[in-house]
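Just below is one structure, and these are the notes that go with it.
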Amino acid sequence: MRRSNISPQRYRKVVWIAFGSLYAIIVSGSLVRLTGSGLGCSDWPNCNETKFVDVSSGHAAIEQINRLFTGVVAASVILAVSASLFLNPRVRRITTNAGVLVFGVLAQVVLGAYVVLTGLNPWSNMAHFLVSIFLVSAAFVLIKRVDLLIHPQERSEVADRRLRVMLFGSACLVMFLGTVVTGAGPHSGAEQVTRLGIGVKHATQMHSLSVWLMVCFSVVLAVRSRKSSVRWNLEGPAMLRLLGSISAQGFIGYVQYFAGVPAPLVAIHIALSVVVWLCVLAVFLPASTLLVLD
(Lines give C-alpha, C1' and ligand atoms only; values in the text may rest on other atoms or scores of the structure.)
Protein backbone atom coordinates (compact mmCIF):
# COMPACT_ATOMS: atom_id res chain seq x y z
CA MET A 1 0.00 0.00 0.00
CA ARG A 2 1.35 3.38 -0.97
CA ARG A 3 1.96 5.75 1.93
CA SER A 4 -0.14 8.91 1.92
CA ASN A 5 1.89 12.11 1.94
CA ILE A 6 1.08 15.42 3.58
CA SER A 7 2.12 18.67 1.98
CA PRO A 8 3.92 21.32 4.08
CA GLN A 9 0.88 23.60 3.61
CA ARG A 10 -1.48 21.04 5.15
CA TYR A 11 0.98 20.15 7.88
CA ARG A 12 1.25 23.83 8.80
CA LYS A 13 -2.47 23.81 9.68
CA VAL A 14 -1.90 20.82 11.97
CA VAL A 15 0.92 22.64 13.74
CA TRP A 16 -1.21 25.76 14.17
CA ILE A 17 -3.84 23.65 15.94
CA ALA A 18 -1.19 22.34 18.34
CA PHE A 19 0.14 25.86 18.90
CA GLY A 20 -3.37 27.22 19.56
CA SER A 21 -4.15 24.50 22.09
CA LEU A 22 -0.86 25.08 23.93
CA TYR A 23 -1.55 28.80 24.13
CA ALA A 24 -5.16 28.25 25.20
CA ILE A 25 -4.20 25.97 28.10
CA ILE A 26 -1.85 28.65 29.44
CA VAL A 27 -4.79 31.05 29.57
CA SER A 28 -7.17 28.43 31.01
CA GLY A 29 -4.57 27.46 33.61
CA SER A 30 -4.27 31.08 34.71
CA LEU A 31 -8.05 31.27 35.08
CA VAL A 32 -7.97 28.24 37.39
CA ARG A 33 -5.58 30.09 39.67
CA LEU A 34 -7.26 33.47 39.42
CA THR A 35 -10.67 32.04 40.33
CA GLY A 36 -9.21 30.24 43.35
CA SER A 37 -10.00 26.85 41.78
CA GLY A 38 -6.52 25.37 42.02
CA LEU A 39 -7.63 22.77 44.54
CA GLY A 40 -11.15 22.39 43.16
CA CYS A 41 -9.93 18.87 42.42
CA SER A 42 -7.81 17.82 45.38
CA ASP A 43 -6.59 14.48 44.02
CA TRP A 44 -4.91 13.08 40.89
CA PRO A 45 -5.79 11.57 38.44
CA ASN A 46 -9.25 11.47 40.07
CA CYS A 47 -10.83 14.80 40.89
CA ASN A 48 -11.26 13.63 44.49
CA GLU A 49 -11.29 10.44 46.55
CA THR A 50 -14.69 9.31 45.26
CA LYS A 51 -15.06 10.71 41.72
CA PHE A 52 -12.92 10.80 38.62
CA VAL A 53 -14.97 13.71 37.24
CA ASP A 54 -16.70 16.11 39.63
CA VAL A 55 -18.47 19.32 38.61
CA SER A 56 -20.59 19.63 41.74
CA SER A 57 -19.02 22.99 42.64
CA GLY A 58 -17.82 25.95 40.61
CA HIS A 59 -14.18 25.49 41.62
CA ALA A 60 -14.26 21.76 40.83
CA ALA A 61 -15.87 22.41 37.44
CA ILE A 62 -13.24 25.00 36.46
CA GLU A 63 -10.34 22.76 37.49
CA GLN A 64 -11.98 19.75 35.83
CA ILE A 65 -12.47 21.58 32.52
CA ASN A 66 -8.81 22.61 32.53
CA ARG A 67 -7.74 19.02 33.19
CA LEU A 68 -9.95 17.66 30.43
CA PHE A 69 -8.61 20.26 28.01
CA THR A 70 -5.19 18.73 28.61
CA GLY A 71 -6.52 15.80 26.59
CA VAL A 72 -7.18 18.13 23.66
CA VAL A 73 -3.62 19.45 23.93
CA ALA A 74 -2.20 15.92 24.06
CA ALA A 75 -4.22 14.88 21.00
CA SER A 76 -3.09 17.92 19.01
CA VAL A 77 0.63 17.37 19.67
CA ILE A 78 0.36 13.61 18.98
CA LEU A 79 -1.30 14.52 15.67
CA ALA A 80 1.54 16.95 14.94
CA VAL A 81 4.27 14.35 15.47
CA SER A 82 2.31 11.62 13.65
CA ALA A 83 1.64 13.85 10.65
CA SER A 84 5.32 14.84 10.49
CA LEU A 85 6.15 11.23 9.61
CA PHE A 86 4.10 11.62 6.42
CA LEU A 87 5.39 15.06 5.54
CA ASN A 88 6.66 15.38 1.97
CA PRO A 89 9.51 16.17 2.00
CA ARG A 90 10.19 14.63 5.38
CA VAL A 91 12.54 16.70 7.54
CA ARG A 92 14.22 15.14 10.57
CA ARG A 93 14.40 18.38 12.56
CA ILE A 94 10.69 19.00 12.09
CA THR A 95 9.84 15.49 13.31
CA THR A 96 12.17 15.91 16.29
CA ASN A 97 10.65 19.31 17.06
CA ALA A 98 7.16 17.81 17.03
CA GLY A 99 8.36 14.95 19.24
CA VAL A 100 9.58 17.46 21.82
CA LEU A 101 5.98 18.69 22.14
CA VAL A 102 4.71 15.21 23.00
CA PHE A 103 7.35 14.56 25.66
CA GLY A 104 6.88 18.09 26.99
CA VAL A 105 3.13 17.61 27.43
CA LEU A 106 3.74 14.29 29.21
CA ALA A 107 6.18 16.03 31.56
CA GLN A 108 3.62 18.77 32.08
CA VAL A 109 0.97 16.23 33.10
CA VAL A 110 3.33 14.79 35.73
CA LEU A 111 4.23 18.27 36.94
CA GLY A 112 0.55 19.24 37.08
CA ALA A 113 -0.11 16.26 39.33
CA TYR A 114 2.78 17.34 41.56
CA VAL A 115 1.33 20.87 41.77
CA VAL A 116 -1.98 19.50 43.06
CA LEU A 117 -0.51 16.88 45.41
CA THR A 118 1.81 19.47 47.00
CA GLY A 119 -1.08 21.85 47.63
CA LEU A 120 -0.12 24.40 44.96
CA ASN A 121 3.44 24.86 46.11
CA PRO A 122 4.52 28.16 44.46
CA TRP A 123 7.80 26.74 43.11
CA SER A 124 5.99 23.88 41.36
CA ASN A 125 3.43 26.37 40.04
CA MET A 126 6.22 28.54 38.65
CA ALA A 127 7.82 25.52 36.96
CA HIS A 128 4.43 24.50 35.55
CA PHE A 129 4.03 27.88 33.85
CA LEU A 130 7.60 28.03 32.55
CA VAL A 131 7.32 24.56 31.00
CA SER A 132 4.14 25.77 29.29
CA ILE A 133 6.09 28.70 27.87
CA PHE A 134 8.76 26.30 26.62
CA LEU A 135 6.10 24.19 24.88
CA VAL A 136 4.36 27.10 23.16
CA SER A 137 7.82 28.33 22.09
CA ALA A 138 8.64 24.92 20.61
CA ALA A 139 5.36 24.98 18.69
CA PHE A 140 6.16 28.50 17.45
CA VAL A 141 9.59 27.37 16.23
CA LEU A 142 7.93 24.41 14.52
CA ILE A 143 5.62 26.78 12.64
CA LYS A 144 8.61 28.85 11.54
CA ARG A 145 10.43 25.72 10.38
CA VAL A 146 7.44 24.63 8.29
CA ASP A 147 7.20 28.16 6.86
CA LEU A 148 10.85 27.85 5.85
CA LEU A 149 10.09 24.54 4.20
CA ILE A 150 7.29 26.18 2.19
CA HIS A 151 9.32 29.30 1.36
CA PRO A 152 13.02 28.35 1.38
CA GLN A 153 15.49 31.16 2.12
CA GLU A 154 19.23 31.31 1.89
CA ARG A 155 20.84 31.76 5.30
CA SER A 156 22.70 35.05 5.48
CA GLU A 157 24.60 37.02 8.11
CA VAL A 158 22.30 38.44 10.77
CA ALA A 159 22.88 41.98 12.00
CA ASP A 160 23.24 42.69 15.74
CA ARG A 161 23.42 39.03 16.71
CA ARG A 162 24.73 39.77 20.22
CA LEU A 163 22.05 42.37 20.82
CA ARG A 164 19.36 39.87 19.84
CA VAL A 165 20.82 37.33 22.24
CA MET A 166 20.80 39.92 25.03
CA LEU A 167 17.18 40.77 24.21
CA PHE A 168 16.29 37.08 24.45
CA GLY A 169 18.17 36.75 27.74
CA SER A 170 16.38 39.74 29.22
CA ALA A 171 13.02 38.27 28.14
CA CYS A 172 13.91 35.01 29.92
CA LEU A 173 14.60 37.03 33.07
CA VAL A 174 11.30 38.89 32.66
CA MET A 175 9.34 35.64 32.41
CA PHE A 176 11.04 34.10 35.44
CA LEU A 177 10.59 37.20 37.62
CA GLY A 178 6.98 37.38 36.47
CA THR A 179 6.42 33.96 38.03
CA VAL A 180 8.14 35.20 41.20
CA VAL A 181 5.59 38.05 41.41
CA THR A 182 2.84 35.48 40.95
CA GLY A 183 4.30 33.24 43.64
CA ALA A 184 4.42 36.14 46.08
CA GLY A 185 1.15 37.80 45.06
CA PRO A 186 -2.43 37.43 46.26
CA HIS A 187 -3.72 35.09 43.53
CA SER A 188 -2.46 31.80 44.94
CA GLY A 189 -5.07 29.55 43.36
CA ALA A 190 -6.76 28.58 46.63
CA GLU A 191 -7.11 29.72 50.22
CA GLN A 192 -4.31 29.10 52.74
CA VAL A 193 -1.66 28.25 50.16
CA THR A 194 2.04 28.72 50.91
CA ARG A 195 3.54 31.79 49.25
CA LEU A 196 7.12 32.76 48.44
CA GLY A 197 8.95 34.46 51.28
CA ILE A 198 9.37 37.73 49.41
CA GLY A 199 7.36 40.93 49.47
CA VAL A 200 5.07 41.56 46.51
CA LYS A 201 6.38 45.12 46.16
CA HIS A 202 10.01 43.97 46.03
CA ALA A 203 9.19 41.17 43.56
CA THR A 204 7.28 43.62 41.37
CA GLN A 205 10.17 46.11 41.38
CA MET A 206 12.63 43.42 40.24
CA HIS A 207 10.22 42.32 37.52
CA SER A 208 9.73 45.92 36.40
CA LEU A 209 13.49 46.53 36.17
CA SER A 210 13.91 43.44 33.99
CA VAL A 211 11.10 44.67 31.73
CA TRP A 212 12.78 48.06 31.30
CA LEU A 213 16.01 46.27 30.40
CA MET A 214 14.13 44.35 27.72
CA VAL A 215 12.55 47.60 26.50
CA CYS A 216 15.99 49.18 26.12
CA PHE A 217 17.30 46.30 24.03
CA SER A 218 14.14 46.37 21.88
CA VAL A 219 14.34 50.10 21.21
CA VAL A 220 18.05 49.97 20.37
CA LEU A 221 17.45 47.10 17.95
CA ALA A 222 14.57 48.94 16.30
CA VAL A 223 16.57 52.17 15.95
CA ARG A 224 19.53 50.34 14.43
CA SER A 225 17.24 48.45 12.04
CA ARG A 226 15.50 51.69 11.00
CA LYS A 227 18.79 53.18 9.76
CA SER A 228 18.75 50.85 6.75
CA SER A 229 15.70 50.78 4.49
CA VAL A 230 16.60 47.30 3.24
CA ARG A 231 16.97 45.95 6.74
CA TRP A 232 13.81 47.70 7.94
CA ASN A 233 11.77 46.18 5.12
CA LEU A 234 12.83 42.76 6.38
CA GLU A 235 12.79 43.34 10.14
CA GLY A 236 10.41 46.29 10.58
CA PRO A 237 7.15 44.33 10.99
CA ALA A 238 8.63 42.07 13.69
CA MET A 239 10.18 45.05 15.49
CA LEU A 240 6.88 46.98 15.45
CA ARG A 241 4.97 43.96 16.75
CA LEU A 242 7.49 43.64 19.57
CA LEU A 243 7.34 47.32 20.55
CA GLY A 244 3.55 47.36 20.28
CA SER A 245 3.11 44.26 22.45
CA ILE A 246 5.54 45.57 25.07
CA SER A 247 3.71 48.91 25.20
CA ALA A 248 0.33 47.21 25.67
CA GLN A 249 1.74 44.85 28.28
CA GLY A 250 3.46 47.66 30.18
CA PHE A 251 0.24 49.67 30.28
CA ILE A 252 -1.75 46.72 31.62
CA GLY A 253 1.00 45.91 34.10
CA TYR A 254 1.07 49.35 35.70
CA VAL A 255 -2.73 49.67 35.71
CA GLN A 256 -3.16 46.29 37.43
CA TYR A 257 -0.52 47.15 40.03
CA PHE A 258 -2.03 50.48 41.03
CA ALA A 259 -5.57 49.04 40.84
CA GLY A 260 -4.72 46.42 43.46
CA VAL A 261 -4.07 43.51 41.10
CA PRO A 262 -7.66 42.67 40.05
CA ALA A 263 -8.01 39.16 38.62
CA PRO A 264 -9.40 40.18 35.17
CA LEU A 265 -6.40 42.44 34.49
CA VAL A 266 -4.01 39.74 35.70
CA ALA A 267 -5.58 37.32 33.21
CA ILE A 268 -5.03 39.81 30.38
CA HIS A 269 -1.47 40.41 31.59
CA ILE A 270 -0.69 36.69 31.52
CA ALA A 271 -2.20 36.25 28.04
CA LEU A 272 -0.22 39.24 26.74
CA SER A 273 2.99 38.01 28.37
CA VAL A 274 2.95 35.04 26.00
CA VAL A 275 2.46 37.40 23.04
CA VAL A 276 5.42 39.56 24.13
CA TRP A 277 7.57 36.47 24.61
CA LEU A 278 6.76 35.17 21.12
CA CYS A 279 7.48 38.58 19.60
CA VAL A 280 10.90 38.52 21.28
CA LEU A 281 11.43 34.98 20.05
CA ALA A 282 10.61 36.03 16.48
CA VAL A 283 13.29 38.73 16.63
CA PHE A 284 15.80 36.36 18.24
CA LEU A 285 15.35 33.35 15.94
CA PRO A 286 17.44 34.65 13.00
CA ALA A 287 20.40 34.95 15.39
CA SER A 288 20.09 31.27 16.35
CA THR A 289 20.46 27.99 14.47
CA LEU A 290 16.89 26.91 15.24
CA LEU A 291 15.69 27.65 11.73
CA VAL A 292 18.31 25.49 10.01
CA LEU A 293 16.53 22.45 8.54
CA ASP A 294 19.41 20.35 7.22
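The values are calculated or read from the model by the stated rules, or taken from the named source; none is laboratory data. In this text, all values refer to a predicted model and were calculated from it rather than measured experimentally. Quick reminder, even Gly has a Cβ in these numbers, built from the backbone with ideal geometry, and neighbours come from all protein chains shown.
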field: Answer from R145, R161 - the residue that is in contact with a helix residue (DSSP H, G or I) (Cβ under 7 Å, 6 or more places away or on another chain), surrounded by fewer than 17 Cβ atoms within 10 Å (Cβ to Cβ) and either among the basic types (K, R) or at pLDDT 90 or above (or both)
entry: R161
message: Going by what's in this entry, would Y11 be described as under 20 Å from the mean Cα position of the chain (by Cα) and either aromatic (F, W, Y) or at positive phi (or both)?
response: no
- prompt: Of all the residues that make up region 130-161, how many are free of Cβ contacts under 8 Å to residues at least 40 places away in the same chain and farther than 29 Å from I26 by Cα?
  reply: 6
- request: Look at L106 and say whether it is more than 21 Å from S288 (Cα to Cα), among the hydrophobic types (A, V, I, L, M, F, W, C) and either in a helix (DSSP H, G or I) or assigned by TED's automatic domain parsing to the domain that holds I6 (or both).
  value: yes
query: Any idea which of (1) surrounded by fewer than 20 Cβ atoms within 10 Å (Cβ to Cβ); (2) over 18 Å from S288 (Cβ atoms); (3) outside the structural domain of I6 (by TED's automatic domain parsing) is the one H207 doesn't satisfy?
result: (1)
- prompt: Is it the case that G183 is surrounded by 20 or more Cβ atoms within 10 Å (Cβ to Cβ) and in the same structural domain as P262 (by TED's automatic domain parsing)?
  reply: yes
- prompt: Counting just the residues of region 231-268 that are of a type in the set (V, I, T) and modelled with pLDDT of 90 or more, which one comes out farthest from C172 (Cα to Cα)?
  reply: V255
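Would you call E49 within 21 Å of T118 (Cβ to Cβ), free of Cβ contacts under 8 Å to residues at least 12 places away in the same chain and of a type outside the set (K, R)?
For E49, the condition - within 21 Å of T118 (Cβ to Cβ), free of Cβ contacts under 8 Å to residues at least 12 places away in the same chain and of a type outside the set (K, R) - is met.
Scan region 11-60 residue by residue and report those that are charged (D, E, K, R), surrounded by 14 or more Cβ atoms within 10 Å (Cβ to Cβ) and not in a loop (DSSP other than H, G, I, E, B).
First, pick out the residues of region 11-60 that are charged (D, E, K, R): 12-13, 33, 43, 49, 51, 54.
Pick out the ones that are also surrounded by 14 or more Cβ atoms within 10 Å (Cβ to Cβ) and you get 12, 33, 43, 51, 54.
Result: R12, R33.
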message: Regarding region 42-50, can at least one residue be identified that is more than 29 Å from T179 (Cβ to Cβ) and acidic (D, E)?
response: yes
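Scan region 70-90 residue by residue and report those that are touching a residue at least 12 places away in the same chain (Cβ under 8 Å) and either surrounded by fewer than 18 Cβ atoms within 10 Å (Cβ to Cβ) or under 17 Å from the mean Cα position of the chain (by Cα) (or both).
Going through region 70-90, the residues touching a residue at least 12 places away in the same chain (Cβ under 8 Å) turn out to be 70, 72-74, 76-81, 83-84, 86-89.
Matches in region 70-90: T70, V72, V73, A74, S76, V77, I78, L79, F86, N88, P89.
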Enumeration of residues in region 116-148 that are more than 18 Å from the chain's Cα centre (by Cα), of a type in the set (A, V, I, L, M) and closer than 29 Å to F52 by Cα: V116, L117, L120
